[in-house]
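Notes follow once the structure below has been shown.
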Amino acid sequence: MTIVAVMDGISPQAEEHLRLLGWPVAAEPGDGHGAVMVRERFPAGDLAGCLSPPWAGGIEVGGTGLHPVGSCFRRHLAEGGLGLSLRSDTAYGGDVALPFAQAVGRRLAEPEGGALEFIIQEMVTNALLHGNLMVGGIDSDGGGGLDGFGERIEAALADSERAGRRVQLSASLVGDRLELAVEDDGPGFDHPDSHANSRRPHGLALLESMVSDLRIEEGGRRTVATLVIPTRQLRPEPPGLESVRVLVVDDNLMNRVLMETLLLRMGVGRVETVESGEKGLAAIAREKPDLILLDVMMPGMDGFEMCRQLRRRHPLTELPVIFVTALDGPADRTACFQAGGSDMVTKPIDAHEVAARVGVHLRLGQAMDGLKAYRERVHEELRAARAAQAALMPTSAELSAIRGRLGLVVDGRIESSSELGGDFWTVLPAGPNQMTLLVADFTGHGPVAAFNVFRLHLLLSRLPRQMPSPSALLGHLNLELKAVLRPGQFAAAFAALIDVEAGTLTYAGAASPPPVLVSGGAARFLEADGPPLGAFADAEYEETRIGLPCGAALLAYSDALVESLGDDGALACDQESLREWVQGVRAGHSLADEVLARFREKVPGEPPDDLTLVCIRRP
């Protein structure tokens, strides 16, 4: 595709640099070309505009970056793709991932899994923070946690040289794959800070389990991700028979020649003919065909016996057999099917009937093979998505660090009701002697709920530098989720701030079931009423502060615990049962493990809904 640069208000030096790329320059976009909007700077509102037809993207030439257009950027646009080349401060201040993901979905294709915005955000964040701005992660050594992380970002953005470096985001469709590339002008991110924490903020290790392929090139200055596109979104191709193999078993030479000629004329790639049942079984043992045309009346082993023997190894759904016979009575037809036949045609042979029946069974076999391959691929991708979702939760190393720093024992369990779930929990750094807990449960389960979990994780990575209070945190997440969730989707959530120096627990809830506090051998429920996240734009959340003495333990959970039915049709665990369960937990044992064990006794197997249990114990 020819790329046309439409320039407006740029310096002569920048214009000359763009002309060296070999792109024609036009006063306005025209038909039949990919038009790129070239400006000195972009207001945030123009990012979506330059990704809408007739524009194929935009280039912001003002800045200190040496390469306003990278190699992947140029190639992707030439292939009919999309691209944005922006200053670091523009890309950081604007929401680049959302408009770009929407444009890719509209104009190229939406990849499997529905996490395109999240993937783009992580790639751009990596290029900005670890490439152009040269900022380490939140948890890097000596980084000062969330406060220090925010301060380093502000200092980098105040540096005109680093803020002016460009980041280039581009995408194109290659066959059944969507290729995304992010290029930056930084010195590369192969330094100690880049390995401090692969989950926040850039998360390239997480992306490896979400995409088909992830490559890091040019010393970290280029990241290329490849994603699978659903078959239904690709241009349909007529199914061919070139790779199909058919075996004809008939003692009559003329019948064998006739069948072979007919099959080859249909487009069947390979046809093998044999004259007996014994040779037919030997041919199948060498290489299983896609279809067998089998005569009934043959000397030695007849067609019925051959079919009965091959069915011991190849079931009806795996290898279709069409009987070709002069027998045409009701009893004969019954005998054909009882022997394991899939279909039958009668002699004298009608070429049109044979072609129709053979075509139906061959194309059905191709469809079944395709369905099997699709199921295997979906299963593998769901497994990868589930691993990616599990990677969002706190790691054992992070929980061990919390125990060493704050003396808190944190233990969480998630039981999904399907391949993917909508439950989520995490711990966030707060003050020097503080920790924030968040437990969330999105409506439904499966891929849609799981995608919303990834959305929530992305929102948490964008939190302000100063960690908000539990009520403010829920209010912030509510506004963000209200803008992106579909109607009818929302989340129940519980947020708590634990201050070990003051010995207090400050909490707020959003339609979450009441957590249980165990202290001094007694258990009580903490009421935390509030509207669900993402349901109402004007929602407000009240918070409560109570004491959390040494020896106390908190159990937060999702509503599957108290709403699931047991085998007898009654609630497996009501509030009184839960009170008894937690009060019966032995000292030093995890409330989460003990309650989950009791729940499984009542509800064996997968729970009817996603179940989350998080215990925080202060020894």
Worksheet item: Here are some residues: 81, 105, 9. Which one is within 29 Å of residue 220 (Cα to Cα) and touching a residue at least 12 places away in the same chain (Cβ under 8 Å)?
Response: 81
Item to complete: Quick one: count up the residues across region 554-566 that are crowded, with 18+ Cβ neighbours inside 10 Å and either modelled with pLDDT under 90 or within 15 Å of residue 492 (Cα to Cα) (or both).
Response: 6
Worksheet item: So which helices (runs of 4 or more DSSP H) are wholly in region 79-181 and hold at least 3 residues that are more than 28 Å from the chain's Cα centre (by Cα) and at pLDDT below 80?
Response: 145-158
Worksheet item: What are the residue pairs meeting all of these: first residue in region 501-527, first residue in the same structural domain as residue 554 (by TED's automatic domain parsing) and of a type in the set (D, E, K, R), second residue surrounded by 13 or more Cβ atoms within 10 Å (Cβ to Cβ) and part of a loop (DSSP other than H, G, I, E, B), Cβ atoms under 7 Å, and 6 or more apart or on different chains?
Response: 501/433; 527/514
Discussion item. Tell me yes or no: at least one residue of region 606-615 is of a type outside the set (Asp, Glu) and at positive phi.
Written reply: no
Worksheet entry | Any hit, region 495-505, residues being closer than 17 Å to residue 596 by Cα and out of contact with any Phe, Trp or Tyr (no Cβ under 7 Å at 6 or more places or on another chain) | no
Worksheet, complete the sentence: Scanning region 599-619 residue by residue, those crowded, with 19+ Cβ neighbours inside 10 Å and modelled with pLDDT of 80 or more turn out to be 599, 603, 609, 610, 611, 612, 613, 614, 615, 616, 617, 618
Worksheet item: Would you pick out the residues in region 256-280 that are assigned to a strand (DSSP E or B) and within 46 Å of the chain's Cα centre (by Cα)?
Response: 270, 271, 272
Discussion item. Every residue in region 285-297 that is touching a helix residue (DSSP H, G or I) at 6+ places or on another chain (Cβ under 7 Å) and either surrounded by 21 or more Cβ atoms within 10 Å (Cβ to Cβ) or not assigned by TED's automatic domain parsing to the domain that holds residue 332 (or both), please.
Written reply: 291, 293, 294, 295, 296
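One line per residue, one yes/no per condition, for (1) exposed (fewer than 12 other Cβ atoms within 10 Å of the Cβ); (2) within 20 Å of residue 265 (Cβ to Cβ); (3) not charged (D, E, K, R):
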site: 329; (1), (2), (3): yes, no, yes
site: 332; (1), (2), (3): no, no, no
site: 336; (1), (2), (3): no, no, yes
site: 341; (1), (2), (3): no, no, yes
site: 352; (1), (2), (3): yes, yes, yes
site: 360; (1), (2), (3): no, yes, yes
site: 364; (1), (2), (3): no, no, yes
site: 371; (1), (2), (3): yes, no, yes
site: 374; (1), (2), (3): no, no, yes
Discussion item. Would you confirm, using the coordinates I've provided, whether residue 359 is in contact with a helix residue (DSSP H, G or I) (Cβ under 8 Å, 6 or more places away or on another chain) and in a helix (DSSP H, G or I)?
Written reply: yes
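Yes or no, residue by residue, for (1) of a type outside the set (Phe, Trp, Tyr); (2) outside the structural domain of residue 108 (by TED's automatic domain parsing); (3) at negative phi; (4) in a helix (DSSP H, G or I):
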| site | (1), (2), (3), (4) |
| --- | --- |
| 282 | yes, yes, yes, yes |
| 300 | yes, yes, no, no |
| 306 | yes, yes, yes, yes |
| 316 | yes, yes, yes, no |
| 323 | no, yes, yes, no |
Discussion item. Need the failing condition index for residue 345 against (1) over 30 Å from residue 212 (Cβ atoms); (2) surrounded by 16 or more Cβ atoms within 10 Å (Cβ to Cβ); (3) at pLDDT below 80, just the number.
Written reply: (3)
Worksheet item: So is residue 472 assigned to a helix (DSSP H, G or I), touching a Phe, Trp or Tyr at 6+ places or on another chain (Cβ under 9 Å), among the small types (Gly, Ala, Ser) and modelled with pLDDT under 85 or not?
Response: no
Worksheet item: Quick check, is residue 459 at pLDDT below 85, within 29 Å of residue 228 (Cα to Cα) and assigned by TED's automatic domain parsing to the domain that holds residue 595?
Response: yes
Fill in: Counted residues, region 385-409 - those being at pLDDT below 85, assigned to a helix (DSSP H, G or I) and crowded, with 16+ Cβ neighbours inside 10 Å
4
Worksheet, complete the sentence: Going through region 262-307 in order, the residues found to be over 20 Å from residue 326 (Cβ atoms) and of a type outside the set (A, V, I, L, M, F, W, C) are 265, 267, 269, 270, 272, 278, 279, 286, 287, 288, 289, 290
Item to complete: Report the residue count in region 48-66 for those that are in contact with a helix residue (DSSP H, G or I) (Cβ under 7 Å, 6 or more places away or on another chain) and either of a type in the set (Lys, Arg) or at pLDDT below 80 (or both).
Response: 1
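For the subset of region 71-124 comprising residues that are of a type in the set (Phe, Trp, Tyr) and in contact with a strand residue (DSSP E or B) (Cβ under 8 Å, 6 or more places away or on another chain), which member is nearest to residue 451 (Cα to Cα)?
Selected residue: 100.
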Discussion item. Need pairs with beta-carbon distance below 7 Å; first residue farther than 14 Å from residue 291 by Cα and within region 301-329, second in a loop (DSSP other than H, G, I, E, B) and not hydrophobic (A, V, I, L, M, F, W, C); sequence gap 6+ or separate chains.
Written reply: 301/276; 308/340; 325/347; 326/347
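The values are calculated or read from the model by the stated rules, or taken from the named source; none is laboratory data. Predicted model only: the values in this text are computed from it and were never measured. Please note: Cβ atoms are built from the backbone with ideal geometry, for glycine as well, and neighbour counts cover all protein chains shown.
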